[in-house]
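Read through the structure below, which is laid out as structure tokens, and then see the notes.
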Amino acid sequence: MSTRTSQPAGGALLLSEMKEFAAFPKATQRYIRRSLDVAFHRADAVETWARDEGESASIRAQARFYKQLDHLRMQVPDDSGLDMIEPFMGMLVTLAAFDLGQDRLPSFAAFRFLYERLLGASVRPWLPAAFCAAAALPHLHPDRRRLLLQSISESAATAPGWSNRDPVFWPEWVEKVDIAAAA
């Protein structure tokens, strides 16, 4: 795991983001690392992450959806930019629906953690609405919709403002090292 910084970050901030990531279930951590590999072409995602043909197909589909990320990053409206809401939110909800449909992001916190890294800090004001819209879509089982929608806190849904600080912790795949062989 590594960090990517554009500005100096306090150690407390980095540790906070690392703790947040560590608190997610292992499957969620794996999906976030895989998603970042797909989004930023950090590695051959199919080779690194696919355990079977179903997962290979899922990664290829994710790569097709994630081709929209560059365009989406350029379209993030400011927090009052309602004139640009339709094309931006439509695309964002579609991506969110795909990711939530993979059943690896069990909460708003995990969704927010991933999407802040996919799209940057400027997307924060739009994440609660995109998450709620995608979590309410009928392609998800009703029990799953209920759990997802219950995972967003009132304070997250009604925040009066958002930080514009970019994330500093960027989880990535780390190869296992055989300690005995390395000694």
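The values are calculated or read from the model by the stated rules, or taken from the named source; none is laboratory data. Quick caveat: nothing in here was measured; it's all calculated off a predicted structure. Please note: Cβ atoms are built from the backbone with ideal geometry, for glycine as well, and neighbour counts cover all protein chains shown. Accessible surface is based on the protein model in full, side chains and every heavy atom, while ligands, DNA and RNA are left aside. Shrake-Rupley method; radii C 1.70, N 1.55, O 1.52, S 1.80 Å.
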| task | Run a plain Debye calculation on the chain (Cα atoms as equal point scatterers, no solvent) and give log10 I(q)/I(0) at q = 0.08 Å⁻¹, rounded to two decimals, same order as the q list. | result | -0.26
| said: Given axes a ≥ b ≥ c from the Cα gyration tensor, I'd like to know whether the range 55-100 is rounded (a/c under 1.5), prolate (a/b larger than b/c) or oblate. | reply: prolate
| said: Restricting the calculation to Cα positions, tell me the Rg (one decimal) and the Dmax (whole number) of the range 20-68 in Å. | reply: 10.9, 31
| task | Please list the non-local residues whose amide H lies under 5 Å from the amide H of TRP170, H modeled 1.01 Å from N, same-chain partners needing a gap of 5 or more. | result | SER2, THR3, ARG4
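In debye, nearest 20, what is the charge dipole magnitude of the range 42-116 about its Cα centre with +1 on Lys and Arg Cβ and -1 on Asp and Glu Cβ, if you could check?
In total the dipole reaches around 140 debye.
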| message | So if I take the alpha carbon set of the range 44-148, get Rg, then get Rh from the Kirkwood formula, what is the Rg over Rh ratio? | response | 0.98
| task | With runs of 4+ DSSP H residues as the only contributors, calculate the mean residue ellipticity of the chain at 222 nm using -39,500 (n - 2.57) per run, divided by the residue total and rounded to the nearest 500. | result | -17500 deg cm²/dmol
| query | Which percent of the accessible area of the chain is formed by carbon and sulfur heavy atoms (probe 1.4 angstrom)? | reply | 57 percent
| request: Treat every Asp and Glu Cβ in the range 19-177 as -1 and every Lys and Arg Cβ as +1, leave all other atoms uncharged, and give the resulting dipole magnitude about the Cα centre to the nearest 20 debye. | output: 380 debye
| request: Find the accessible area per residue for the range 117-161; the probe is 1.4 Å, ligands and nucleic acids are left out, and the unit is Å². | output: 48 Å²
